[in-house]
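The values are calculated or read from the model by the stated rules, or taken from the named source; none is laboratory data. Every value quoted in this text rests on a predicted model; they were computed, and no experiment measured them. In this analysis, Cβ positions are derived from the backbone assuming ideal geometry, glycine residues included, and neighbour counts consider all displayed protein chains. SASA here: full protein model, heavy atoms, side chains in, ligands and nucleic acids out. Shrake-Rupley method; radii C 1.70, N 1.55, O 1.52, S 1.80 Å.
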Amino acid sequence: MAARILHRLRHALAGEAGREEPAGGGGEAEDCPESSELEDDTEGLSTRLSGTLSFTSHEDEEEEEEEEGDGASEELEEPPQAPGAAAGTEDGEWVSAAERPGGSLLTRQLQELWRRSRGSLAPQRLLFEVTSASVVSERSSKYVLYTIYLIRSGQFDKAPATIARRYSDFEQLNRRLRCRFSCDMASVAFPRKRLRRNFTAETIAKRSRAFEQFLSHLHSIDEIRRSPEFLEFFFLPDLQAAQRLTCTGMYREALATWANAYRLQDRLGVCSSGRFLLTLAGLAVCHQELDQLSEAHGCCEQALQLLEAQGSHPLLGPFLQAHVHLAWKVGKDKRRSEARLQDLREAGLPLQQQPSLKECLIKEPLE
């Protein structure tokens, strides 16, 4: 960008301001097929197999710039910027709002337009990005482990939701979905298995791109997006791992895994399911064991809000009892939970025989 502006200034000084900039200038990316882009990235990729790999074609970069532009309008919901805050120019450079005539007025107009149009905005798109690929060698096998971020378009996640899967995991998901949704899956492409060159930089790059497109295509189909096969591909392994860590008393490691499972379910829009309530139970138990009582109390409150309309859920009693105990510890109001517990007693529920939240968590079968 700086090179382009300097180029224009030189022409202006030479009296050539009316002449168009020659094609193929310093900041422009050349159009080239995806295959040549992958070859260009091959050398850099081969030196970073154990680190971060990122493959973005020129077309993808343009799409990302458009998405960031869309997301910028959402930022207008934030408090107004202080005088001198940044505002955009036509060339993509940034100058202060104080240097632009009517800059503050434009900001207020955009904010008002954003408030009026919020109700008509399309739902945010979920993006799947392979951020790294590592070659893993075990005693009897060798495979590539792909790390994938789940990202809401137009938003920045301080703690992104991530999964790590190998080719066989994707292949199993593809097979299960084709058995159940044969018609919908007819148009979904899946990278074929190779007998040779599975660990070359070019193969890993192409598969990374293919897996991103595969998951995006699946997520765009309503029935598949809501299916247990698709959803559990993302968060069930984390739930199983977190449960094992909790059972063995490794609460700090379990807490990180429960938290990632929480973020995955949040991105996928399944925050009212039984799996999500179990995740909140895991977070509450681990926070409590680590003496983070305020955080544990908050998890119980969120679960009880989801259970507001349910009177017979197996986790209702344990969550109420845990909430009363934690509210007493942190000095919060516990009268509402005590009243709900009394209602359960009057309904004949033997609360004395109810398992604790931790016991429910450990005994829950996760298959």
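Worth pointing out:
- Arg252/Arg197 FRET efficiency (R0 51 Å; Cβ-Cβ; nearest 0.05): 0.80
- Accessible area of the range 229-278 divided out per residue, in Å², using a probe of 1.4 angstrom: 37 Å²
- Take the Cβ atoms of Ser216 and Glu346, set R0 to 41 Å, and the FRET efficiency comes out at 0.20.
- Pairs over the 25 Å Cα-Cα cut-off, from the set Lys158/Lys332; Lys329/Lys358; Lys158/Lys334: Lys158/Lys332; Lys158/Lys334.
- With Cα atoms as the point set, the range 313-354 shows a radius of gyration and Dmax of 10.2, 30 Å.
- Here the average projected area of the convex hull drawn through the C-alpha atoms of the range 220-367 stands at 9.1 nm².
- ³J(HN,Hα) computed for each position of the range 147-159 - Karplus, 6.51 cos²θ - 1.76 cosθ + 1.60, integer Hz, glycine/proline x: 9, 10, 9, 9, 10, 7, 4, x, 10, 10, 9, 5, 10
- Take 200-207, 325-332 and order them by the average number of nearby Cβ atoms within 10 Å per residue, most first; the result is 200-207, 325-332.
- Extension gain for Arg139 to Glu229 (0.36 nm times residue separation, less C-alpha to C-alpha distance): 29.4 nm.
- Counting only protein heavy atoms and a probe of 1.4 Å, the accessible surface of the range 212-360 is 48% carbon and sulfur.
- A Förster distance of 25 Å, applied to the separation of the beta-carbon atoms of Ala164 and Val330, puts the FRET efficiency at 0.10.
- The range 291-367: Rg to Rh, with Rh as the Kirkwood radius over Cα pairs: 0.96
- Per-residue extension of 0.36 nm, minus the Cα-Cα distance of Gln155 and Cys179, leaves a gain of 5.1 nm for this segment.
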